[in-house]
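Here, each number is a calculation from the coordinates, and none is a lab measurement. These numbers were taken from a predicted model, which means no experiment stands behind them. In this analysis, Cβ positions are derived from the backbone assuming ideal geometry, glycine residues included, and neighbour counts consider all displayed protein chains.
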Amino acid sequence: MTARKAALEDASHQAGWMFADLLLALMVIFLAAQSFVPKEASLPTFAGLLSNKTSLNGNASPLKTSITLTSIDEAALIIALQNYGAIAHLPAEYTIESMVIAGGFNPKTESSDRGTATALQYAAAIGSFNLPYFKNSATLLAASPEVPDGAVVLNLQIAPTAHAAGGTGSATPTPTPTK
């Protein structure tokens, strides 16, 4: 009876199937993990980021949607938005739906992480200003060696507000800096 009971408790004949199941589970986990790794070609590129360049310190020149800032200053940001609004003939009231903040870095002495850190500092400062333009805007941080070290370029996607889309008003927004 004990020999028969020992034969019933022996699971060594199932070891092959357990090993196969383990390999199958590990293969599924490996394949699932590989599907979430982005391919280099699918990552956004920021080549030509300054093709629509503005002057530094908020003095805008005719361009599409880029504003270059060299300091984290609410007044400089407001002046840059006003100048851009006058040049682009924006409505009196608009919002910024999304923005890419690309921080500059020197590729010879720094990594792109430095540019991303600069962009993060500017994004935090812009958020702390509580400007109505940026109230619900989505923000993407980036780094570019084309941007001067310590500066950022804001690439903005601008849309008129719903009640201003059909109305009339001045061509430039007039926010005032808060202290």
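Using the Cβ-Cβ distance between Ile87 and Glu146 with R0 set to 25 Å, the FRET efficiency from 1/(1 + (r/R0)^6) comes to roughly 0.70.
Summarising the label geometry, the points placed 7 Å from Cα in the beta-carbon direction at Thr161 and Leu26 lie 6.0 nm from one another.
The modelled label-to-label distance for the pair Ala117/Ser98, using points 7 Å beyond Cα in the direction of Cβ, is 2.8 nm. Taking label points 7 Å from Cα along the Cα-to-Cβ direction, Ala138 and Glu9 give a separation of 6.2 nm.
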